[in-house]
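Working notes, structure below.
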Amino acid sequence: MNILYAQEFKKPFLKLSPAIRKLFTRQEGMFKENWRDPRLHIKKLSDHPFPFSFRITRGYRVLFIFIKRDTVL
């Protein structure tokens, strides 16, 4: 899976605690290997410009949208 990052991603990401960034990196690796991995807790969102999300912790989720079959933003 190819991941493209929005310009707005980097600055807020760097403000997160190192523990949350580490968890993100782990979840991102799972996502790249298999975006349907049940440990990611993928959800289809309604009424939102980004139709999917996966869980980092109960308080943090990553929003994404498919641009191509194997590429997400």
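The values are calculated or read from the model by the stated rules, or taken from the named source; none is laboratory data. Note that the structure is predicted; figures quoted are calculated from it, not measured. We place every Cβ from the backbone using ideal geometry, glycine too, and count neighbours over all the protein chains shown. Quick note on the areas: whole protein, heavy atoms, side chains included, nothing else; ligands and nucleic acids left out. Shrake-Rupley method; radii C 1.70, N 1.55, O 1.52, S 1.80 Å.
Of note:
- Heavy-atom accessible surface of the chain: percent carbon and sulfur, 1.4 Å: 56
- Net charge over other residues, Cβ less than 9 angstrom from the Cβ of Ile3 (K, R count +1; D, E count -1): 0
- Highest average packing first - 50-58, 7-15, 35-43, Cβ atoms within 10 Å: 50-58, 35-43, 7-15
- Nonlocal amide H pairs with Ile65, under 5 Å, H built at 1.01 Å: Leu73
- Solvent exposure of region 1-46 amounts to 81 Å² per residue of accessible area, where only protein heavy atoms count and the probe is 1.4 Å.
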